[in-house]
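J.: Structure below; questions to follow.
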Amino acid sequence: PWKYTPAGTDQPPSKQFQTVTGVAVSNDGLVYVADRSNNRIQVFKRDGTFVTEWFYEKGTLGNGATWDLDFWPDAKQTYLINADGENNVLRLLRRSDGAVVGTIGRSGRYAGQFHWVHTIAVDSKGNIYTGEVDNANRVQKFRPTNGGPK
């Protein structure tokens with residue numbers, strides 16, 4: 001009964017996933033799903049119960065704004081990091097409410113810039129590793145300064 005609603009329209013968002021490109025399970029058991037084409041991250045309990053959803057760059061067309069995600073390595077996993085391959089940025093999100101508290105990068109081909117940043121991983125020290133596709137075909141490492149977010 002639900003139909004796909006393209007990003008950037010005035011129609012209500014689809015209740016169905018369109019292009020899931022990232023899933024991460026937090027230490028407290030919440031499941032975060034990056035629904036790329038709908039420009040959103042949805043949050044569920046492990047039993048599938050819907051908790052909330054957050055939209056980013058709703059006007060993004062093309063391949064959408066939420067490509068992958070991972071957690072900041074503090075014990076509470078206070079932050080979630082979202083890779084946006086269409087807008088070529090990493091977003092640091094407060095996990096409690098999805099608010100954007102910082103960004104890394106911009107579109108480009110030089111170090112620290114992105115061309116279709118597709119995947120991310122965060123290690124125990126807060127180093128962020130990104131992987132780019134298309135003709136960038138590279139991995140970059142970002143080290144936190146001042147110990148990273150607190």
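J.: Could you grab me the full set of residues in segment 91-101 that are among the hydrophobic types (A, V, I, L, M, F, W, C) and over 15 Å from residue 70 (Cβ atoms)?
T.: Listed by number, the residues that qualify are 99, 100, 101.
J.: Let me ask you something else. For segment 84-96, give me each residue that is in contact (Cβ under 8 Å) with a residue 24 or more places away in the chain and either over 11 Å from the mean Cα position of the chain (by Cα) or more than 16 Å from residue 25 (Cα to Cα) (or both).
T.: 84, 85, 86, 87, 88, 89, 90, 91, 92, 95
J.: Related question: Of all residues being in contact with a Gly (Cβ under 6 Å, 6 or more places away or on another chain) and open to solvent by less than 50 Å² (accessible area, probe 1.4 Å) in segment 121-148, which is modelled with the highest pLDDT? Just the residue, please.
T.: Among those residues, the one meeting the criterion is 126.
J.: Which residue is modelled with the highest pLDDT, if the candidates are limited to segment 96-120 and must be among the small types (Gly, Ala, Ser) and buried (at least 18 other Cβ atoms within 10 Å of the Cβ)?
T.: 98
J.: Output yes when any residue across segment 16-27 is over 17 Å from the mean Cα position of the chain (by Cα), at pLDDT below 95, among the polar types (S, T, N, Q) and exposed (fewer than 13 other Cβ atoms within 10 Å of the Cβ), and no when none is.
T.: First pass over segment 16-27, keeping only residues over 17 Å from the mean Cα position of the chain (by Cα): 16, 27.
If we keep only those that are at pLDDT below 95 as well, we get 16.
From what's left, among the polar types (S, T, N, Q): 16.
Within this subset, residues satisfying the condition of being exposed (fewer than 13 other Cβ atoms within 10 Å of the Cβ) are 16.
Scanning segment 16-27, I find at least one residue that is over 17 Å from the mean Cα position of the chain (by Cα), at pLDDT below 95, among the polar types (S, T, N, Q) and exposed (fewer than 13 other Cβ atoms within 10 Å of the Cβ), so the answer is yes.
J.: Another one. Can you find even one residue in segment 108-117 that is within 19 Å of residue 32 (Cβ to Cβ) and either of a type in the set (Asp, Glu) or out of contact with any helix residue (DSSP H, G or I) (no Cβ under 8 Å at 6 or more places or on another chain) (or both)?
T.: yes
J.: Across segment 55-95, what is the total count of residues that are open to solvent by 20 Å² or more (accessible area, probe 1.4 Å), farther than 20 Å from residue 115 by Cα and either in a strand (DSSP E or B) or small (Gly, Ala, Ser) (or both)?
T.: 4
The values are calculated or read from the model by the stated rules, or taken from the named source; none is laboratory data. The shown structure was predicted, so the numbers you read here are calculated from the model rather than taken from an experiment. No Cβ is skipped: glycine too gets one built from the backbone with ideal geometry, and neighbour counts run over all protein chains shown. Protein only, heavy atoms only, side chains kept; ligands, DNA and RNA dropped before computing areas. Shrake-Rupley method; radii C 1.70, N 1.55, O 1.52, S 1.80 Å.
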